[in-house]
Amino acid sequence: MAASTMIDSVVFGGLWSHRAIKALFEEDRRTCAWLEIIAVLAEVQVEFEVIPSTAGKAIATCCRTIDVSAEFLDEVRQGREASGHSMQGLIRAVQVRLAPSDAQWVYAGATVQDVTDTWLMMALSDARRIIEEGLRCVGQALATLARRHRDTPMAGRTHGQQGLPITFGFKVAVWLAEVQRHDQRLAEIASRMGMAQLAGGVGSMSSLGERGLELQRRFAERLGLSAPRVSWVCSRDVLAEWCGLLAMITATADRIGHEVYNLQRSEIAEVREGFVAGAVGSITMPHKRNPEIAEHLGTLARLVRHLAAAVSESLVHDHERDGRAWKTEWHAVPEVTMMAGRAVELLAQMLSGLEVDAGRMLSNLRAFGGVVISEAVMLALAPRIGRDAAHRLMHELSLTASASGLALTEAVRNDRRITSWLDAAEVEALLDVARHTGRCVEMVDRVLAGST
């Protein structure tokens, strides 16, 4: 069947989804998981004498022997369309394969979200582990870059303009610290995810018997999940938190990618995405070497943020169930997860192959007449003439030097208002643009210490 979306495209799908995460959400695998949940439910209901033993065994055996083929899925589709009910097509497909005396007990006492929410938590638990591993790869790549370029001076920029010297290792350490926090957030959210849903029509568990809470706990254990303290049919905060966290993670990937995009610009040329043999930047401009990954990280992050906002709408839920809310999740949560997983994967790939031009960084730092020394000279003068006076002097000197086309380093060296307070050795030390990186190196070391 021809793909109708980019995620399902044979040609382009790899751009939009993580292959292993996408497999978690594919229809045949999802349907198999739903059937297993129905089978486990029947077996647990037998344990607690909610349904007859013969029926439970027959249901479990039937669910586990169904071939989830294209023909079976089409049968389920027809049943869904005929009934207008989200799960009736699957229920009916199981029932017709059973004796009438057993068929009546399929899905007894359960509702749509008991299966769909339980499955979703199972799938997201697997996806979370994949994303955690991807973030570890990102962290390792960043730690390598931060360590290698701990002392590599470059221009720190604010508002798109050169500000003061930093080191490239410091820039990377800022990214690494952010990724470390995301790793902590993924660990923290794990305690709130992995909850089964088995609550019945309004969440009261009225159809599961006097030992319903024990039954629910056993059901959850059998599926590798935990039992919730209270039904969460109408409480969607954990899914909104999950998507919000993925929006934050992909925003970090986007921010790093956008920085690489800018630093790879021909006029700056301080970093480059690693070259891949056979890659073509432009079919009309043969010289082009485009930051393809950096750009695509921005595309993925925008879509994740958009869909995460849609999931947040599910927080506003009418009464004990609201189909508008959780059906939004059916579309948005898998796509958010697939795209976020791919973004993390691409980020690790980009960072592990990133090419850094330390010479160009130093050259750019020394460009524009050494304007980045203005703070250092101001701070050296401040104890002698006062901080405000030192600021006014350097502000005036910077404007004058710029207007006359004179390098600020030369203007400082020749200005008697400065040389009358600072001796030649002090002035020359201040003119070394690579020296004024503050505590960048120490902060890199602190972040690296936290990455081990």
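The values are calculated or read from the model by the stated rules, or taken from the named source; none is laboratory data. All figures in this text were calculated on a predicted structure; none of them were measured in a lab. Using ideal geometry, Cβ is built from the backbone for each residue, glycine included, and neighbour counts are taken over all protein chains shown.
Pick from Ala199, Ala177: which is within 32 Å of the chain's Cα centre (by Cα) and under 28 Å from Thr250 (Cβ atoms)?
Exactly one residue qualifies, and that residue is Ala177.
Considering every residue within region 394-411, establish whether at least one is in a helix (DSSP H, G or I), of a type in the set (A, V, I, L, M), touching a strand residue (DSSP E or B) at 6+ places or on another chain (Cβ under 8 Å) and surrounded by 15 or more Cβ atoms within 10 Å (Cβ to Cβ).
No, every residue in region 394-411 fails to be in a helix (DSSP H, G or I), of a type in the set (A, V, I, L, M), touching a strand residue (DSSP E or B) at 6+ places or on another chain (Cβ under 8 Å) and surrounded by 15 or more Cβ atoms within 10 Å (Cβ to Cβ).
Going by the conditions given, is Leu381 buried (at least 19 other Cβ atoms within 10 Å of the Cβ) and touching a strand residue (DSSP E or B) at 6+ places or on another chain (Cβ under 8 Å)?
On the way: buried (at least 19 other Cβ atoms within 10 Å of the Cβ): yes; touching a strand residue (DSSP E or B) at 6+ places or on another chain (Cβ under 8 Å): no.
Considered against the rule, which asks whether it is buried (at least 19 other Cβ atoms within 10 Å of the Cβ) and touching a strand residue (DSSP E or B) at 6+ places or on another chain (Cβ under 8 Å), Leu381 comes out as no.
Residues checked against (1) more than 19 Å from Pro165 (Cβ to Cβ); (2) touching a Phe, Trp or Tyr at 6+ places or on another chain (Cβ under 6 Å); (3) hydrophobic (A, V, I, L, M, F, W, C); (4) part of a helix (DSSP H, G or I):
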{"position": "Thr328", "(1), (2), (3), (4)": "yes, no, no, yes"}
{"position": "Val333", "(1), (2), (3), (4)": "yes, no, yes, yes"}
{"position": "Met350", "(1), (2), (3), (4)": "yes, no, yes, yes"}
{"position": "Gly359", "(1), (2), (3), (4)": "no, no, no, yes"}
{"position": "Gly370", "(1), (2), (3), (4)": "no, no, no, yes"}
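Hey, can you tell me all the residues within region 12-38 that are crowded, with 21+ Cβ neighbours inside 10 Å and either within 16 Å of Arg97 (Cα to Cα) or touching a strand residue (DSSP E or B) at 6+ places or on another chain (Cβ under 8 Å) (or both)?
Leu35, Ile38
Residue by residue, here is whether (1) outside the structural domain of Leu208 (by TED's automatic domain parsing); (2) at pLDDT below 95; (3) crowded, with 21+ Cβ neighbours inside 10 Å holds:
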| residue | (1), (2), (3) |
| --- | --- |
| Thr65 | yes, no, no |
| Leu73 | yes, yes, no |
| Arg80 | yes, yes, no |
| Gly84 | yes, yes, no |
| Gln88 | yes, yes, no |
| Ala127 | no, no, yes |
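Of the conditions (1) under 18 Å from Lys22 (Cβ atoms); (2) crowded, with 18+ Cβ neighbours inside 10 Å; (3) without any contact (Cβ under 8 Å) to a residue 60 or more places away in the chain, Met339 satisfies every one except a single condition; which number is it?
Against the list (1) under 18 Å from Lys22 (Cβ atoms); (2) crowded, with 18+ Cβ neighbours inside 10 Å; (3) without any contact (Cβ under 8 Å) to a residue 60 or more places away in the chain, Met339 comes up short only on (3).
In the list Ala108, Ala93, which residue meets the criterion of being in a helix (DSSP H, G or I) and within 23 Å of Glu43 (Cα to Cα)? Give the derivation first.
Values: Ala108 fails: in a helix (DSSP H, G or I).
The unique qualifying residue is Ala93.
Inside region 227-280, can you point out the residues that are under 25 Å from the mean Cα position of the chain (by Cα), closer than 30 Å to Val316 by Cα and polar (S, T, N, Q)?
Selection gives Ser235, Thr250, Thr252.
Does region 215-233 contain at least one residue that is over 18 Å from Ala39 (Cα atoms), in a helix (DSSP H, G or I) and in contact (Cβ under 8 Å) with a residue 12 or more places away in the chain?
No, region 215-233 contains no residue that is over 18 Å from Ala39 (Cα atoms), in a helix (DSSP H, G or I) and in contact (Cβ under 8 Å) with a residue 12 or more places away in the chain.
Could you look through region 40-78, keep only residues that are not in a helix (DSSP H, G or I) and not acidic (Asp, Glu), and pick out the one that is farthest from Val96 (Cα to Cα)?
Per the criteria, the residue is Phe48.
Considering only region 419-431, I want to know if a residue exists there that is assigned to a loop (DSSP other than H, G, I, E, B), in contact (Cβ under 8 Å) with a residue 40 or more places away in the chain and either under 44 Å from the mean Cα position of the chain (by Cα) or surrounded by fewer than 15 Cβ atoms within 10 Å (Cβ to Cβ) (or both).
yes
Table: residues versus (1) at pLDDT below 95; (2) more than 27 Å from Lys327 (Cα to Cα).
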residue	(1), (2)
Phe170	no, yes
Glu178	no, yes
His182	no, yes
Leu186	no, no
Ser204	yes, no
Ser207	yes, no
Arg222	no, no
Val230	yes, no
Trp242	no, no
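Select, from Glu375, Glu355, Glu329, the only residue that is under 24 Å from Glu178 (Cβ atoms) and in contact (Cβ under 8 Å) with a residue 12 or more places away in the chain.
Values: Glu375 fails: under 24 Å from Glu178 (Cβ atoms); Glu329 fails: under 24 Å from Glu178 (Cβ atoms).
Being under 24 Å from Glu178 (Cβ atoms) and in contact (Cβ under 8 Å) with a residue 12 or more places away in the chain holds for just one of Glu375, Glu355, Glu329, which is Glu355.
Given the criteria out of contact with any strand residue (DSSP E or B) (no Cβ under 9 Å at 6 or more places or on another chain) and surrounded by fewer than 17 Cβ atoms within 10 Å (Cβ to Cβ), does Ser53 qualify? First the steps, then the outcome.
On the way: out of contact with any strand residue (DSSP E or B) (no Cβ under 9 Å at 6 or more places or on another chain): yes; surrounded by fewer than 17 Cβ atoms within 10 Å (Cβ to Cβ): yes.
So Ser53 fits the description; yes.
For Val304, indicate whether it is not charged (D, E, K, R) and not assigned by TED's automatic domain parsing to the domain that holds Arg147.
Considered against the rule, which asks whether it is not charged (D, E, K, R) and not assigned by TED's automatic domain parsing to the domain that holds Arg147, Val304 comes out as no.
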